[in-house]
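Only the coordinates and a few stated rules stand behind these numbers; no lab work does. None of the values given here were measured: they were computed from a predicted structure. With ideal geometry, Cβ positions are generated from the backbone for all residues, glycine too; neighbour counts draw on all protein chains shown.
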Amino acid sequence: MLYRQAKTSILMIEILPNKCDFCGCCVGVCPEDAIELKEAEIRIIDERCTNCAKCVWSCPIEVIVFNKNGVEI
Amino acid sequence: MKKEYDIIVVGAGPAGSMAARFAAEQGISVLMLEKDRDVGYPVRCGEAVNKKGIEEFIESNEKWIAAKINKFSLNSPDGTEVVIEFQETGYILERRIFDYELAKTASNAGAEILTRAYVNGLLFENGKVSGVKYEFNGGQKEIRAKIVIAADGVESRVGRWAGLETHCDFRDMECCAQVTASNVKVNSDTCYFYFGKDFAPNGYFWIFPKGENIANIGLGVSGLTGKKKSASTFLNSFMESRYPNASILTKIAGGVPCSPTLKKISSPGIMLVGDAAHQVNPLSGGGITSGMIGGSIAGRIAGEAIKMNKLEHIFAYDKVWHDRIGKKHEIYNIIKNGIYNFTDEKFNNIAHSFNKVPRNKRTLGKLFTTALINNPSLLIDVAKVFVI
């Protein structure tokens, strides 16, 4: 099973596909610059994410989730 | 397109357009890059502005004015309504037209504009920003510039790549959900605000009319609130209980960095404007006029720096901004931190006391005084700003 590499070795943050509104809240609060947002495309930059969950708390429409079992890619 | 520009502006919102225009007006070459396909769309904003603030930059035009406002209706948690009338007119904008018109003023001044150009990195030369990397039409490109002006909004990544501290503390981020809804009963001259834990804890709920029976309805809550309950959940329950028969024309999310301006908004070869610099009024979350002011100051100073061939002149921007707006925002931020901790009971008490003030004597200033009487510790917080 492949996991995204992160400081805690397992990535637990996931942006639910097809539900994002691309507003940029999560990008603005991310202390690691670990989220890349284009016009209608968003992704977590795996090597930078530290699972701090600030993006999860800031998402106005709950499309970023914290999965403590880790996220598969 | 040229191979090199004097100034590249990243982002074509109101702040970016003003930066591009005020720079281009000095006869230098300016390119503005926008990641989306349209300037002005999607609209992530409550769209309320002060007429006077806007008219410093553009003549009022009916085509981007959705409603003219001369009343505030402030609603406390127990349903007490406080109405304040004022002489100064406010506008609710049609931002998709407004932003487009602002970009046109930049273009008329000589700036070039390129949409669907996604900036994904910076170029550096001897430790100074010297251009941008961007994706366009499926290819990766580079373009050089003497000065880059980052107007990339709430994301504010361009400044980070230049080494500036731009990320917003999640507690200061107002996370917003909003709809444009028709079939809603509103007075088209009144902006409605709702406060309290059921509406929008650590933030406020708004209903801004956009004509008869149509309104921009939304709220912002701090990321701290979002930990427990998201903005969209608050919005959905409000719409279901208040306007079950409304038709939703648009539904969108957004974020507003409600903190004082960043400590540093210029660095060798780069300047930050608008939301990217946290130039939003932290108390109201309004950022259109202040972003335009920030953009205009940055554009003017950048143009001067190019013409004088003295790029270090851009560092003057931080102080000019701070003296004109930044220091006020520091005070508003203290007030915000006081108000956001108010309990529902406190909001109710303020509304009850304020409603004893005769209607013709009600002003926002008087409301603030009433808030202070009900919460003297707020006065101490405000006084600290002046003392320290």
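To the nearest 10 degrees, how steep is helix B:231-242 against the longest Cα principal axis of chain B, on a 0 to 90 scale?
The angle comes out near 40 degrees.
With the cut-off at 1.5 for a/c, could you classify segment B:78-182 from its C-alpha gyration tensor as rounded, prolate or oblate? Working shown, then result.
Numbers: a/c = 2.43, a/b = 1.73, b/c = 1.41.
Since a/c reaches 1.5 and a/b is larger than b/c, the shape of segment B:78-182 is classed as prolate.
Using every pair of alpha-carbon atoms in segment B:1-159, split the distances into 5 Å bins beginning at 0 and state the percent of pairs per bin, rounded to integers.
Bin by bin from 0 Å, the calculated values are 2, 9, 16, 18, 16, 12, 9, 7, 5, 4, 2, 1, 0.
Roughly what percent of Cα-Cα pairs across segment B:190-317 reach past 20 Å?
56
Measuring from centroid to centroid over Cα atoms, what is the spacing of segment B:72-140 and segment A:30-71 in Å?
First find each Cα centre; the distance between them is then 24 Å.
Shielding of A:16-27 by partners, i.e. mean partner chain Cβ atoms within 10 Å per residue? List each step's numbers first, then the result.
Details: counts 0, 0, 0, 0, 1, 8, 5, 12, 11, 17, 7, 9.
Neighbouring Cβ atoms belonging to other protein chains average 6 per residue here.
Need one value for B:168-176: mean number of C-beta atoms belonging to other chains within 10 Å of its residues' C-beta atoms. Before the final figure, lay out each step's value.
Working: counts 8, 4, 13, 4, 2, 8, 3, 10, 3.
Partner Cβ neighbours, averaged per residue: 6.
Relative contact order of chain A, please, whole-number percent, based on alpha carbon pairs below 8 angstrom and at least 6 residues apart. Could the numbers behind the result be given before it?
Numbers: 128 pairs, mean separation 33.4, N = 73.
Normalised by residue count, the contact order of chain A is 46 percent.
Extension gain B:T89-B:K310, at 0.36 nm per residue separation less the Cα-Cα distance, in nm? Could the numbers behind the result be given before it?
Working: separation 221, 0.36 × 221 = 79.56 nm, distance 4.15 nm.
Answer, rounded to one decimal: 75.4 nm.
Can you tell me which of B:44-54, B:211-221 comes out highest on packing, and rank the rest after it, using the mean Cβ neighbours within 10 Å?
On the way: B:44-54: 20.3, B:211-221: 23.0.
Per-residue mean Cβ counts within 10 Å order the peptides as B:211-221, B:44-54.
Would you mind pulling out the separation of the Cα centroids of segment B:338-362 and segment B:277-300, in Å?
29
Quick one: dipole size for the protein assembly as shown, taken about the Cα centre, charges +1 on Lys/Arg Cβ and -1 on Asp/Glu Cβ, in debye to the nearest 20. The partial results should precede the final answer.
On the way: 56 positive and 52 negative charges, 119 e Å.
For this selection, approximately 580 debye.
How much length is gained if the chain between B:I248 and B:V357 is pulled fully straight, taking 0.36 nm per residue apart and subtracting their Cα-Cα distance, in nm to one decimal?
On the way: separation 109, 0.36 × 109 = 39.24 nm, distance 3.77 nm.
Net length gain for the segment: 35.5 nm.
Report, as an integer, the average count of C-beta atoms from other chains found within 10 Å of each Cβ along B:226-234.
Details: counts 9, 5, 1, 1, 7, 6, 6, 3, 1.
Per residue, the number of nearby Cβ atoms from other chains is 4 on average.
Report the convex hull volume per residue for segment B:205-253, counting only C-alpha atoms, in Å³.
On the way: hull volume 3.6 nm³, N = 49.
Looking at segment B:205-253, the number lands at 74 Å³ per residue.
Can you give the relative contact order of segment B:211-323 as a percent, counting alpha carbon pairs under 8 Å and 6+ residues apart? Mind showing how you got there, number by number?
Working: 100 pairs, mean separation 19.9, N = 113.
Dividing the mean separation by the residue count of segment B:211-323 yields 18 percent.
If you take the Cα Rg of chain A and divide it by 2.2 N^0.38 Å, with N the number of residues, what do you get? All intermediate terms of the calculation are to be shown ahead of the outcome.
Working: Rg = 11.2 Å, N = 73, 2.2 N^0.38 = 11.2 Å.
That ratio works out to 0.99.
Along its three principal axes, how long is chain B when you only count alpha carbons? Whole Å, largest extent first please.
That works out to 63, 50, 40 Å along the principal axes.
Using θ = phi - 60° and the Karplus curve 6.51 cos²θ - 1.76 cosθ + 1.60, what whole-Hz ³J(HN,Hα) does each residue of segment B:13-25 get, with Gly and Pro shown as x?
Computed from phi, the couplings for segment B:13-25 are x, x, 5, x, 4, 5, 4, 4, 5, 5, 6, 5, 4 Hz.
Got a sec? How would B:I8, A:I42 order by Cβ neighbour count within 10 Å, fewest to most? Provide the component values of the computation, followed by the final result.
Working: B:I8 28, A:I42 19.
By the 10 Å Cβ count, ascending, the order reads A:I42, B:I8.
What's the angle, to the nearest 10 degrees (0 to 90), between helix B:288-308's Cα axis and the longest principal axis of chain B?
20
Under a Cβ-only charge scheme (Lys and Arg +1, Asp and Glu -1), can you give me the dipole magnitude of chain B about the Cα centre, in debye to the nearest 20?
On the way: 48 positive and 41 negative charges, 65 e Å.
Charge dipole of chain B: 320 debye, to the nearest 20.
So, in nm, how far is label B:K133 from label B:K3 when the simple model puts each one 7 Å beyond its Cα toward the Cβ?
Going from the B:K133 label point to the B:K3 one covers 2.1 nm.
If only Cα atoms are counted, what is the Rg of the protein assembly as shown, and what is its Dmax, in Å?
According to the Cα coordinates of the protein assembly as shown, Rg and Dmax are 21.9, 70 Å.
Helix B:364-374 against the longest principal axis of chain B: what's the angle in degrees, Cα atoms only, rounded to the nearest 10?
60
How far apart, in nm, are two points set 7 Å out from the Cα along the Cα-to-Cβ line at B:S241 and at B:K52?
According to this spin-label approximation, the distance is 3.8 nm.
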